[in-house]
1. Per-residue counts of other Cβ atoms within 10 Å, averaged by peptide: what ranking do you get for 118-124, 73-79, highest first?
2. Excluding LEU58 itself, calculate the net charge of residues whose Cβ lies under 11 Å from the Cβ of LEU58, where each Lys or Arg counts +1 and each Asp or Glu counts -1.
3. Peptides 48-58, 29-39: what's the order by average Cβ count within 10 Å, highest mean first?
Amino acid sequence: MAMQGVQKNTLYVGGLAEEVNESILHAAFIPFGDIKDVKTPLDQATQKHRSFGFVTFLEREDAAAAMDNMDGSELYGRVLTVNYALPERIKGGEQGWAAQPIWADADTWFERQQQEEEMRRIEAENRAAMQAAEDIRRKQLAQEREGEKEEEIDIKDDPMAKAEAEVLKENGS
């Protein structure tokens with residue numbers, strides 16, 4: 001888990017029994033240091049807490065000690081999960097959980113789609129240009145090879161060229 005954005009003095013406490021309230025949670029964590037705040041978010045339908053809460057300590061070291069000691073411990077017959085709390089997500093679009101309609105970030109989606117299409121087009125153009133350059137080079141090599149063969153044939157068919165080649169051979173040896 002990335003530690004970026006983690007609130008090191010606020011702890012998430014999960015697995016709370018139904019009987020646990022904010023004062024019981026406060027009493028369970030006070031031995032580790034001064035507590036700034038305790039919250040147990042309520043379910044809007046039942047008006048009961050949602051089996052988790054947050055404990056904010058004044059000091060980071062106290063929060064670390066509470067997490068080390070309370071994670072995996074038992075409270076009212078339930079095993080607790082204690083971790084550093086993540087900050088609340090900003091609601092809306094790509095920045096967090098969407099409280100907006102699905103089409104709210106359509107502009108950025110279309111921009112991304114256009115950018116991806118442009119990249120595919122450029123890549124296809126580059127591939128085509130590379131293929132064309134490779135084809136031209138192959139033709140040049142083939143023409144050079146054909147030219148060499150023609151030169152060899154010319155010497156064999158031309159008596160003067162043959163005589164010159166023999167003289168050059170004799171003088172070179």
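1. Working: 118-124: 10.0, 73-79: 12.4.
Peptide ranking by packing, descending: 73-79, 118-124.
2. Result for the local shell: -3.
3. Details: 48-58: 18.0, 29-39: 16.1.
Averaged packing, sorted descending, gives the order 48-58, 29-39.
Coordinate-derived values only; no laboratory data. Keep in mind that what you see is a predicted model, and the values were worked out from it rather than measured. Please note: Cβ atoms are built from the backbone with ideal geometry, for glycine as well, and neighbour counts cover all protein chains shown.
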